[in-house]
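Colleague: I am attaching a structure below and will ask some questions about it afterwards.
The values are calculated or read from the model by the stated rules, or taken from the named source; none is laboratory data. These figures come from a predicted structure and were not determined experimentally. Cβ: placed from backbone, ideal geometry, glycine included. Neighbour counts: every protein chain shown. Ligands, DNA and RNA are stripped out before the accessible areas are found, and what is left, the full protein with its side chains, is counted by its heavy atoms. Shrake-Rupley method; radii C 1.70, N 1.55, O 1.52, S 1.80 Å.
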Amino acid sequence: MSRDPLASWLRLILTPGVGPGQQRQLLAAFGPPERIYAAGHSAIAAVVGGPTARTLLDHDATPAVETALEWLSQPGNSLLTLGDEAYPPALLEIPDPPVALYVKGDAALLSRPSLAVVGARNATPQGEANAESFSRALSEAGLCIVSGLALGIDAAAHRGGLAGPGSTVAVIGTGADRIYPARNAALARQIAEAGAIISEFPLGIGPLAHNFPRRNRLIAGLAQGVLVVEAALKSGSLITARLATDCGREVFAIPGSIHSPVARGCHQLIRDGAKLVETAVDILDELRLAPREAAAQLASAPDDAEGDEALVICAMGHDPVDMDALVQRTNLTAEALYAILLALELDGRVSRLPGGRLQRL
């Protein structure tokens, strides 16, 4: 996209008093922003009213536009608009897709098969371990892990996503040039280098409370489903799960102790129809996406050896498993499995247990 059309998009989204709904109305009526501005006051007023038309034409957004263009000139930064072919198709399915997304990192990840993993900020150590191991297994199977860069479950999910080839997308509730919470600054840098950070909010916007529920609809909308690892009965994670249901996505939940406050939200979701899951394979099965099929959808597939290892790791799940189950889950021959498992064992990623069973480490 050339500088002039990009500046027109920025002018549209950075004019205060013209909300996203009105912006979409104008785009539907006139097409790209340069055509909106060329239409004149009367035509614009017929769509969004006279006061909004006057604001749109009279407001000088130049300082904000120049700031955004400077940010976009930096390596790794980009803007995806509703006019871009690279705009994530999954977001076009939600009722209110953002007119533009600020992206820091690999924008192509937004169009890959993905799963959202969310949960409590004050997570238990076991909850964080579950979030990271599930996310790693799903990333190894080819799914991109989407979460919100919060402390606790979100951060663990991002770490797991980064550990596999599917990688991770962080949807944040601040401007793309701001990181919140500050404790996740190092993780955010890793995500920007090997994944993507996205925001619909203008640069410079800080952590305003009302923006975080709004960003949750993007977490739900980008993914094929949402996995809730731990959540209290009143939490943002349950909002994300509800939004996922509203836009036709699957909802999964990991059960926990009946004595744990952060398990009650998951138990409520399961009572309401969410799928109870114990392994990553449960999720892939529900999405009708076999581990090998998920891995094959990566834009840059690993070589055959790495792909088979990712397939086996994902198929093992998190509990001890025997060879017969692995043959059934992977469709590999026993001979091929033995060779792969030996390599994984030597690499310290698989352990042999009594009775001929195996377990991921």
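Colleague: Taking the range 209-225, which residues are of a type outside the set (A, V, I, L, M, F, W, C), open to solvent by 30 Å² or more (accessible area, probe 1.4 Å) and either touching a helix residue (DSSP H, G or I) at 6+ places or on another chain (Cβ under 9 Å) or not in a helix (DSSP H, G or I) (or both)?
Modeller: 210, 213, 224
Colleague: Pick out the one residue from 139, 147 that is over 20 Å from residue 241 (Cα atoms) and either at pLDDT 95 or above or touching a helix residue (DSSP H, G or I) at 6+ places or on another chain (Cβ under 8 Å) (or both).
Modeller: Details: 147 fails: over 20 Å from residue 241 (Cα atoms).
The conditions single out 139.
Colleague: Among the residues of the range 183-190, is any under 16 Å from the mean Cα position of the chain (by Cα) and either at pLDDT below 95 or open to solvent by less than 10 Å² (accessible area, probe 1.4 Å) (or both)?
Modeller: Yes, some residue in the range 183-190 is under 16 Å from the mean Cα position of the chain (by Cα) and either at pLDDT below 95 or open to solvent by less than 10 Å² (accessible area, probe 1.4 Å) (or both).
Colleague: Another question about this same structure. Return the only residue of 67, 62 being hydroxyl-bearing (Ser, Thr, Tyr), open to solvent by 20 Å² or more (accessible area, probe 1.4 Å), at pLDDT 95 or above and more than 31 Å from the chain's Cα centre (by Cα).
Modeller: Details: 67 fails: more than 31 Å from the chain's Cα centre (by Cα).
Result of the check over 67, 62: 62.
Colleague: A follow-up question, please. Given (1) over 19 Å from the mean Cα position of the chain (by Cα); (2) open to solvent by 10 Å² or more (accessible area, probe 1.4 Å); (3) within 30 Å of residue 328 (Cβ to Cβ); (4) not β-branched (Val, Ile, Thr), identify the lone condition not met by residue 289.
Modeller: Tallying (1) over 19 Å from the mean Cα position of the chain (by Cα); (2) open to solvent by 10 Å² or more (accessible area, probe 1.4 Å); (3) within 30 Å of residue 328 (Cβ to Cβ); (4) not β-branched (Val, Ile, Thr), residue 289 fails exactly one: (1).
Colleague: Shifting gears a bit: Would the range 42-54 turn up any residue that is surrounded by 15 or more Cβ atoms within 10 Å (Cβ to Cβ), of a type in the set (S, T, N, Q) and either modelled with pLDDT of 95 or more or more than 25 Å from the chain's Cα centre (by Cα) (or both)?
Modeller: Yes, the range 42-54 contains a residue that is surrounded by 15 or more Cβ atoms within 10 Å (Cβ to Cβ), of a type in the set (S, T, N, Q) and either modelled with pLDDT of 95 or more or more than 25 Å from the chain's Cα centre (by Cα) (or both).
Colleague: Check whether at least one residue in the range 21-31 is open to solvent by less than 70 Å² (accessible area, probe 1.4 Å), aromatic (Phe, Trp, Tyr) and either farther than 21 Å from residue 200 by Cα or in contact with a helix residue (DSSP H, G or I) (Cβ under 9 Å, 6 or more places away or on another chain) (or both), and report yes or no.
Modeller: Checked against the condition, which is being open to solvent by less than 70 Å² (accessible area, probe 1.4 Å), aromatic (Phe, Trp, Tyr) and either farther than 21 Å from residue 200 by Cα or in contact with a helix residue (DSSP H, G or I) (Cβ under 9 Å, 6 or more places away or on another chain) (or both), the range 21-31 yields at least one hit.
Colleague: Moving to a separate point now. Can you confirm whether residue 136 is of a type outside the set (Gly, Ala, Ser), surrounded by 23 or more Cβ atoms within 10 Å (Cβ to Cβ) and in a helix (DSSP H, G or I)?
Modeller: Answer is yes for this residue.
Colleague: Could you give every pair whose Cβ atoms fall below 6 Å, whose first residue belongs to the range 259-275 and is within 12 Å of residue 227 (Cβ to Cβ), and whose second residue is assigned to a helix (DSSP H, G or I), counting only separations of at least 6 or pairs across chains?
Modeller: 269/241; 275/286
Colleague: Okay, moving on. Looking at the range 160-179, can you tell me whether even one residue there is buried (at least 19 other Cβ atoms within 10 Å of the Cβ), over 16 Å from the mean Cα position of the chain (by Cα) and part of a helix (DSSP H, G or I)?
Modeller: no
Colleague: Could you pull out the residue among 76, 83 that is of a type in the set (Gly, Ala, Ser), at pLDDT below 95 and open to solvent by 20 Å² or more (accessible area, probe 1.4 Å)?
Modeller: Only one candidate qualifies: 83.
Colleague: Show the residue pairs meeting these rules: Cβ distance below 8 Å; 6+ apart or different chains; first residue within the range 339-361 and within 16 Å of residue 327 (Cβ to Cβ); second residue basic (Lys, Arg).
Modeller: Going by the 8 Å Cβ cut-off, the qualifying pairs are 350/360; 358/352.
Colleague: From the residues in the range 257-272 that are among the small types (Gly, Ala, Ser) and out of contact with any helix residue (DSSP H, G or I) (no Cβ under 8 Å at 6 or more places or on another chain), which one is surrounded by the fewest Cβ atoms within 10 Å (Cβ to Cβ)?
Modeller: Result: 260.
Colleague: Further, regarding this structure: Quick one: in the range 320-361, which of the residues that are of a type in the set (Asp, Glu) and within 21 Å of residue 283 (Cα to Cα) is surrounded by the fewest Cβ atoms within 10 Å (Cβ to Cβ)?
Modeller: So, considering only residues that are of a type in the set (Asp, Glu) and within 21 Å of residue 283 (Cα to Cα), the one surrounded by the fewest Cβ atoms within 10 Å (Cβ to Cβ) is 324.
Colleague: Any idea which of (1) out of contact with any helix residue (DSSP H, G or I) (no Cβ under 9 Å at 6 or more places or on another chain); (2) closer than 20 Å to residue 92 by Cα; (3) without any contact (Cβ under 8 Å) to a residue 60 or more places away in the chain is the one residue 206 doesn't satisfy?
Modeller: (2) is the only condition that residue 206 fails.
Colleague: Pick from the range 226-245 the residues that are part of a loop (DSSP other than H, G, I, E, B) and free of Cβ contacts under 8 Å to residues at least 60 places away in the same chain: which of them is nearest to residue 256 (Cα to Cα)?
Modeller: 233
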